[in-house]
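One structure below.
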Amino acid sequence: MGWFNYYGLIVMAIIMIPNIIYAVKHKNDGAEYRNRAVETAEQIGRYGCFIFMIFNVPYTYFNFWIDHALTVYLSVNGALCLVYLLFWIVCRKQNGLLKALSLSILPTVIFLFDGILLLNVPLITLSLLFGIFHIFISCKNSCA
């Protein structure tokens, strides 16, 4: 895989489509939990994951390290994206901890899995940062 990860771009598009649709339909929905430091850390993790899912910066990633890695990469990402979309469909009209956890843990797992499989150090680091704070904020908002 070169510097541009087409598969990562496709995964990002699949993850973002339901989020964009939700944002357009629920313009006035504001998050209940407010903490500037936590929100900033989450956003750094989020946008960093977006960037490193799509762009492989030289000397920060070491490419696939197992046999048939591309097949594993595509299969697992496909399955995780499918589960993510199914949770969006199932939970679209409800709020609660199930929705908060499923829609925050699944993208974290996708980012972390891709980082580990590509040995992409920034993606691993940023996915952990994103995951910790995104799951925390999602849980706080679902309990509010």
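The values are calculated or read from the model by the stated rules, or taken from the named source; none is laboratory data. Predicted model, so just to flag it, every value in this text is computed and none were measured. Cβ: placed from backbone, ideal geometry, glycine included. Neighbour counts: every protein chain shown. Side chains are part of the model used for accessible areas, which takes the heavy atoms of the whole protein and leaves out ligands, DNA and RNA. Shrake-Rupley method; radii C 1.70, N 1.55, O 1.52, S 1.80 Å.
What the table shows:
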item	result
Residue check, LEU85 open to solvent by 80 Å² or more (accessible area, probe 1.4 Å), more than 19 Å from ILE124 (Cα to Cα) and either touching a Ser or Thr at 6+ places or on another chain (Cβ under 9 Å) or not acidic (Asp, Glu) (or both)	no
Selection within region 59-69 - open to solvent by 40 Å² or more (accessible area, probe 1.4 Å) and at pLDDT 90 or above	HIS68
Some residue of region 121-144 being outside any helix (DSSP H, G or I) and touching an Asp or Glu at 6+ places or on another chain (Cβ under 6 Å)	yes
Filter result for the condition that a residue is out of contact with any Cys (no Cβ under 7 Å at 6 or more places or on another chain), open to solvent by 20 Å² or more (accessible area, probe 1.4 Å) and at pLDDT 95 or above, over VAL72, VAL90	VAL72
Residues being assigned to a loop (DSSP other than H, G, I, E, B) and within 27 Å of GLY96 (Cβ to Cβ) - total across region 10-68	10
Some residue of region 88-101 being within 22 Å of ILE124 (Cβ to Cβ) and touching a helix residue (DSSP H, G or I) at 6+ places or on another chain (Cβ under 6 Å)	no
Qualifying residue in region 38-58 (condition: within 18 Å of LEU74 (Cβ to Cβ), in contact with a helix residue (DSSP H, G or I) (Cβ under 7 Å, 6 or more places away or on another chain), surrounded by 14 or more Cβ atoms within 10 Å (Cβ to Cβ) and among the β-branched types (Val, Ile, Thr))	yes
Residue match in region 104-119 (condition: touching a residue at least 12 places away in the same chain (Cβ under 8 Å), of a type outside the set (D, E, K, R) and not in a helix (DSSP H, G or I))	yes
Looking only at region 10-32, and only at residues there that are at pLDDT 90 or above and not aliphatic (A, V, I, L, M), the one that is least open to solvent (accessible area, probe 1.4 Å)	PRO18
